[in-house]
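In what follows, a single structure is set out as C-alpha coordinates and then discussed.
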Amino acid sequence: MPVKLSVNLNAVAMLRNRRDLPWPSVTGLGRIALAAGAHGLTVHPRPDQRHTRNSDLPELRALIDDEFPQAEFNIEGYPNEDFLQLVEKNQPEQVTLVPDDPAQATSDHGWNFIEHSAFLTPIVRRLKREGARVSLFANPETEGLSAARDTGADRVEFYTGPYASYHSDPDRMAAELEKLGKAADAAFALGLDVNAGHDLVVANLPALVKRIPRLAEVSIGHGLTADALEFGMAATVRRFLKACGWP
Ligand SMILES: CC(=O)[C@@H](O)[C@H](O)COP(=O)(O)O
Ligand SMILES: NCC(=O)COP(=O)(O)O
(Lines give C-alpha, C1' and ligand atoms only; values in the text may rest on other atoms or scores of the structure.)
(Ligands and ions follow the chains in the order given, each with its own letter.)
Protein backbone atom coordinates (compact mmCIF):
# COMPACT_ATOMS: atom_id res chain seq x y z
CA MET A 1 0.00 0.00 0.00
CA PRO A 2 1.37 3.44 -0.85
CA VAL A 3 2.38 5.86 1.89
CA LYS A 4 -0.51 7.65 3.63
CA LEU A 5 -0.81 11.42 3.32
CA SER A 6 -1.56 13.58 6.37
CA VAL A 7 -2.19 17.24 5.53
CA ASN A 8 -0.63 19.69 7.96
CA LEU A 9 -2.88 22.76 8.43
CA ASN A 10 -0.37 25.06 10.16
CA ALA A 11 0.11 27.27 7.07
CA VAL A 12 -3.66 27.65 6.62
CA ALA A 13 -3.89 28.73 10.26
CA MET A 14 -1.02 31.20 9.77
CA LEU A 15 -2.97 32.84 6.91
CA ARG A 16 -6.18 32.84 9.00
CA ASN A 17 -4.40 34.57 11.88
CA ARG A 18 -3.44 37.62 9.78
CA ARG A 19 -6.80 39.19 10.55
CA ASP A 20 -9.40 38.83 13.28
CA LEU A 21 -11.62 36.94 10.82
CA PRO A 22 -12.62 33.26 10.57
CA TRP A 23 -11.33 32.73 7.05
CA PRO A 24 -9.55 30.87 5.57
CA SER A 25 -11.20 28.21 7.73
CA VAL A 26 -8.74 25.66 9.12
CA THR A 27 -11.55 23.15 9.59
CA GLY A 28 -13.00 24.00 6.18
CA LEU A 29 -9.71 23.34 4.36
CA GLY A 30 -9.25 20.20 6.44
CA ARG A 31 -12.66 19.01 5.28
CA ILE A 32 -11.77 19.62 1.63
CA ALA A 33 -8.44 17.79 2.06
CA LEU A 34 -10.09 14.73 3.64
CA ALA A 35 -12.90 14.69 1.09
CA ALA A 36 -10.24 14.70 -1.66
CA GLY A 37 -8.66 11.57 -0.19
CA ALA A 38 -6.10 12.67 2.40
CA HIS A 39 -5.72 10.00 5.08
CA GLY A 40 -5.41 12.40 7.98
CA LEU A 41 -4.80 15.89 9.31
CA THR A 42 -1.74 17.11 11.20
CA VAL A 43 -1.26 20.21 13.33
CA HIS A 44 1.66 21.47 15.37
CA PRO A 45 0.21 23.80 18.04
CA ARG A 46 3.23 25.81 19.19
CA PRO A 47 3.34 27.53 22.63
CA ASP A 48 2.90 30.99 21.05
CA GLN A 49 -0.02 29.72 18.92
CA ARG A 50 1.52 31.60 15.97
CA HIS A 51 -0.55 29.48 13.59
CA THR A 52 -2.59 26.49 14.84
CA ARG A 53 -4.50 27.60 17.90
CA ASN A 54 -5.45 25.28 20.76
CA SER A 55 -9.09 26.10 19.93
CA ASP A 56 -8.61 24.58 16.46
CA LEU A 57 -7.98 21.13 17.90
CA PRO A 58 -11.45 20.18 19.20
CA GLU A 59 -12.98 21.41 15.92
CA LEU A 60 -10.63 19.20 13.89
CA ARG A 61 -11.28 16.27 16.24
CA ALA A 62 -15.04 16.71 15.72
CA LEU A 63 -14.59 17.01 11.94
CA ILE A 64 -12.84 13.64 11.79
CA ASP A 65 -15.17 11.95 14.28
CA ASP A 66 -18.38 13.21 12.66
CA GLU A 67 -17.53 13.25 8.95
CA PHE A 68 -14.34 11.22 8.29
CA PRO A 69 -14.10 8.49 10.96
CA GLN A 70 -11.59 6.55 8.86
CA ALA A 71 -9.14 9.44 8.95
CA GLU A 72 -6.45 10.08 11.59
CA PHE A 73 -5.62 13.13 13.67
CA ASN A 74 -1.88 13.68 14.26
CA ILE A 75 -0.78 16.29 16.81
CA GLU A 76 2.87 17.32 16.85
CA GLY A 77 4.76 19.20 19.48
CA TYR A 78 7.26 19.42 22.30
CA PRO A 79 5.99 17.29 25.24
CA ASN A 80 5.70 19.83 28.05
CA GLU A 81 2.75 19.49 30.43
CA ASP A 82 0.57 21.97 28.56
CA PHE A 83 1.09 20.04 25.32
CA LEU A 84 0.41 16.68 26.97
CA GLN A 85 -2.84 17.95 28.48
CA LEU A 86 -3.86 19.40 25.10
CA VAL A 87 -3.22 15.98 23.56
CA GLU A 88 -5.18 14.17 26.27
CA LYS A 89 -8.15 16.51 25.72
CA ASN A 90 -8.19 15.90 21.96
CA GLN A 91 -7.31 12.19 21.83
CA PRO A 92 -5.43 12.08 18.51
CA GLU A 93 -4.76 8.74 16.82
CA GLN A 94 -1.08 9.72 16.61
CA VAL A 95 1.19 12.06 18.59
CA THR A 96 4.50 13.13 17.07
CA LEU A 97 6.97 14.39 19.67
CA VAL A 98 9.37 17.06 18.42
CA PRO A 99 12.39 18.53 20.33
CA ASP A 100 11.53 22.11 19.40
CA ASP A 101 12.43 25.13 21.49
CA PRO A 102 9.53 27.63 21.64
CA ALA A 103 11.77 30.24 19.95
CA GLN A 104 12.45 28.05 16.90
CA ALA A 105 11.12 29.38 13.58
CA THR A 106 10.26 25.81 12.56
CA SER A 107 11.23 22.21 13.27
CA ASP A 108 14.78 21.67 12.04
CA HIS A 109 16.15 18.64 13.92
CA GLY A 110 15.16 15.41 15.57
CA TRP A 111 15.74 14.10 19.10
CA ASN A 112 19.07 13.03 20.52
CA PHE A 113 17.60 9.71 21.59
CA ILE A 114 20.61 8.63 23.66
CA GLU A 115 20.52 11.88 25.66
CA HIS A 116 16.72 12.10 25.92
CA SER A 117 15.51 8.51 26.29
CA ALA A 118 15.02 8.86 30.08
CA PHE A 119 12.93 11.99 29.47
CA LEU A 120 10.90 10.48 26.64
CA THR A 121 10.16 7.00 28.02
CA PRO A 122 7.60 7.99 30.72
CA ILE A 123 5.98 10.44 28.29
CA VAL A 124 5.65 7.76 25.63
CA ARG A 125 4.15 5.42 28.26
CA ARG A 126 1.65 8.13 29.34
CA LEU A 127 0.56 8.78 25.74
CA LYS A 128 0.21 5.10 24.90
CA ARG A 129 -1.97 4.66 28.00
CA GLU A 130 -4.25 7.21 26.30
CA GLY A 131 -4.38 4.93 23.28
CA ALA A 132 -2.25 7.07 20.98
CA ARG A 133 0.32 5.82 18.53
CA VAL A 134 3.57 7.65 19.34
CA SER A 135 6.04 8.84 16.73
CA LEU A 136 9.35 10.54 17.53
CA PHE A 137 10.86 13.16 15.23
CA ALA A 138 14.30 11.92 14.19
CA ASN A 139 17.32 13.05 12.25
CA PRO A 140 17.97 10.95 9.11
CA GLU A 141 20.70 8.90 10.79
CA THR A 142 21.05 5.44 12.30
CA GLU A 143 22.65 6.53 15.58
CA GLY A 144 20.35 6.30 18.60
CA LEU A 145 17.50 4.45 16.88
CA SER A 146 17.68 1.55 19.33
CA ALA A 147 17.27 4.08 22.15
CA ALA A 148 14.24 5.48 20.29
CA ARG A 149 12.79 1.96 20.10
CA ASP A 150 13.50 1.42 23.80
CA THR A 151 11.30 4.40 24.75
CA GLY A 152 8.33 2.29 23.62
CA ALA A 153 7.53 4.55 20.68
CA ASP A 154 5.78 2.99 17.67
CA ARG A 155 7.40 5.04 14.94
CA VAL A 156 10.05 7.56 14.11
CA GLU A 157 9.39 10.42 11.71
CA PHE A 158 12.49 11.22 9.72
CA TYR A 159 13.17 14.93 9.12
CA THR A 160 13.29 15.46 5.35
CA GLY A 161 14.33 19.13 5.44
CA PRO A 162 17.93 18.56 4.26
CA TYR A 163 16.74 16.21 1.48
CA ALA A 164 14.23 18.80 0.29
CA SER A 165 16.64 21.73 0.58
CA TYR A 166 18.96 20.44 -2.16
CA HIS A 167 16.24 20.71 -4.82
CA SER A 168 18.72 22.40 -7.18
CA ASP A 169 21.65 20.04 -6.42
CA PRO A 170 20.79 16.48 -7.58
CA ASP A 171 23.99 14.95 -6.19
CA ARG A 172 23.47 16.37 -2.68
CA MET A 173 19.79 15.43 -2.84
CA ALA A 174 20.72 11.85 -3.76
CA ALA A 175 23.15 11.72 -0.84
CA GLU A 176 20.48 12.95 1.60
CA LEU A 177 18.01 10.45 0.16
CA GLU A 178 20.45 7.62 0.82
CA LYS A 179 20.87 8.82 4.43
CA LEU A 180 17.08 8.68 4.79
CA GLY A 181 16.96 5.23 3.19
CA LYS A 182 19.67 3.77 5.42
CA ALA A 183 18.08 5.28 8.53
CA ALA A 184 14.68 3.85 7.54
CA ASP A 185 16.20 0.41 6.93
CA ALA A 186 17.76 0.52 10.41
CA ALA A 187 14.48 1.63 11.99
CA PHE A 188 12.56 -1.21 10.31
CA ALA A 189 15.19 -3.70 11.52
CA LEU A 190 14.50 -2.50 15.07
CA GLY A 191 10.76 -3.02 14.68
CA LEU A 192 9.92 0.67 14.31
CA ASP A 193 7.58 1.93 11.63
CA VAL A 194 8.62 5.03 9.72
CA ASN A 195 6.98 8.36 8.89
CA ALA A 196 8.63 11.31 7.15
CA GLY A 197 8.06 15.03 6.86
CA HIS A 198 9.20 18.61 6.39
CA ASP A 199 9.38 20.54 3.13
CA LEU A 200 8.09 17.63 1.05
CA VAL A 201 6.57 18.55 -2.31
CA VAL A 202 5.21 16.83 -5.43
CA ALA A 203 8.67 16.98 -7.03
CA ASN A 204 10.62 15.23 -4.24
CA LEU A 205 8.04 12.66 -3.09
CA PRO A 206 8.39 9.97 -5.84
CA ALA A 207 12.11 9.34 -5.18
CA LEU A 208 11.47 9.21 -1.43
CA VAL A 209 8.67 6.67 -1.63
CA LYS A 210 10.66 4.59 -4.14
CA ARG A 211 13.67 4.46 -1.78
CA ILE A 212 11.49 3.73 1.27
CA PRO A 213 8.58 1.60 -0.04
CA ARG A 214 7.50 0.67 3.52
CA LEU A 215 7.09 4.35 4.48
CA ALA A 216 3.87 4.54 6.53
CA GLU A 217 2.94 8.24 6.39
CA VAL A 218 4.12 11.60 5.15
CA SER A 219 2.81 14.76 6.79
CA ILE A 220 2.94 17.75 4.48
CA GLY A 221 1.87 21.32 5.03
CA HIS A 222 3.95 24.19 3.70
CA GLY A 223 4.53 22.96 0.16
CA LEU A 224 1.04 21.50 -0.14
CA THR A 225 -0.56 24.77 1.00
CA ALA A 226 1.55 26.73 -1.48
CA ASP A 227 0.22 24.50 -4.29
CA ALA A 228 -3.31 24.80 -2.94
CA LEU A 229 -3.14 28.56 -3.45
CA GLU A 230 -2.46 27.86 -7.12
CA PHE A 231 -4.50 24.71 -7.84
CA GLY A 232 -7.05 24.58 -5.03
CA MET A 233 -6.92 22.25 -2.02
CA ALA A 234 -8.86 19.33 -3.54
CA ALA A 235 -6.82 19.18 -6.76
CA THR A 236 -3.60 19.63 -4.77
CA VAL A 237 -4.37 16.73 -2.43
CA ARG A 238 -5.03 14.55 -5.47
CA ARG A 239 -1.68 15.65 -6.99
CA PHE A 240 0.16 14.83 -3.78
CA LEU A 241 -1.59 11.46 -3.46
CA LYS A 242 -0.50 10.61 -7.00
CA ALA A 243 3.09 11.63 -6.15
CA CYS A 244 2.86 9.28 -3.16
CA GLY A 245 2.01 6.41 -5.51
CA TRP A 246 -1.79 6.28 -5.18
CA PRO A 247 -3.77 5.64 -8.41
C1 LIG B 1 7.73 18.59 12.60
C2 LIG B 1 7.78 19.28 11.30
O3 LIG B 1 8.73 19.24 10.58
C4 LIG B 1 6.62 20.03 10.89
O5 LIG B 1 5.55 19.19 11.07
C6 LIG B 1 6.29 21.21 11.71
O7 LIG B 1 4.91 21.21 11.90
C8 LIG B 1 6.61 22.46 11.00
O9 LIG B 1 6.21 23.48 11.89
P10 LIG B 1 5.78 24.87 11.29
O11 LIG B 1 4.55 24.64 10.44
O12 LIG B 1 5.53 25.71 12.53
O13 LIG B 1 6.93 25.34 10.46
N1 LIG C 1 5.88 16.63 10.11
C2 LIG C 1 5.98 17.45 8.90
C3 LIG C 1 4.72 18.24 8.75
O4 LIG C 1 3.74 18.00 9.43
C5 LIG C 1 4.64 19.31 7.74
O6 LIG C 1 5.89 19.87 7.47
P7 LIG C 1 5.91 20.92 6.25
O8 LIG C 1 5.39 20.20 5.02
O9 LIG C 1 5.01 22.08 6.63
O10 LIG C 1 7.35 21.31 6.13
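Some observations on this one:
- Phi angles across region 104-111 convert, under the Karplus curve 6.51 cos²θ - 1.76 cosθ + 1.60 with θ = phi - 60°, into 3J(HN,Hα) values of 5, 5, 7, 6, 9, 6, x, 5 Hz, Gly and Pro given as x.
- Nitroxide proxy distance, nm - points 7 Å out along Cα→Cβ at Val202 and Ser168: 2.1 nm
- Computed over the chain: relative contact order in percent, which uses C-alpha pairs under 8 Å that are six or more apart: 21 percent
- Alpha-carbon centroids, region 1-65 and region 144-219: separation in whole Å: 23 Å
- Cα radius of gyration and Dmax for the chain (Å): 16.9, 49
- Accessible area of the chain belonging to carbon and sulfur atoms, whole % at 1.4 Å probe: 53 percent
- Amide H contacts under 5 Å for Ala38: none, restricted to partners 5 or more places along the chain or on a different chain, H placed in the peptide plane at 1.01 Å from N.
- Couplings for region 222-231, taken from phi via the Karplus curve 6.51 cos²θ - 1.76 cosθ + 1.60 with θ = phi - 60°, read 4, x, 5, 5, 4, 5, 5, 5, 8, 10 Hz in order; Gly and Pro are left as x.
- For the chain, the mean residue ellipticity at 222 nm estimated from helices alone is -14000 deg cm²/dmol, where every DSSP H run of n ≥ 4 contributes -39500 (n - 2.57) and the total is divided by all residues, rounded to the nearest 500.
- Table column - 3J(HN,Hα) (Hz), region 4-21, Karplus curve with 6.51, -1.76, 1.60, x for Gly and Pro: 7, 10, 10, 8, 8, 9, 4, 5, 5, 5, 4, 5, 4, 6, 5, 10, 7, 9
The values are calculated or read from the model by the stated rules, or taken from the named source; none is laboratory data. Worth saying up front: this structure is predicted, and the values here are computed from it rather than measured. Note that we place each Cβ from the backbone using ideal geometry, even for glycine, and neighbour counts take in every protein chain shown. In case anyone asks, the SASA skips ligands and DNA or RNA and just uses the protein heavy atoms, side chains included. Shrake-Rupley method; radii C 1.70, N 1.55, O 1.52, S 1.80 Å.
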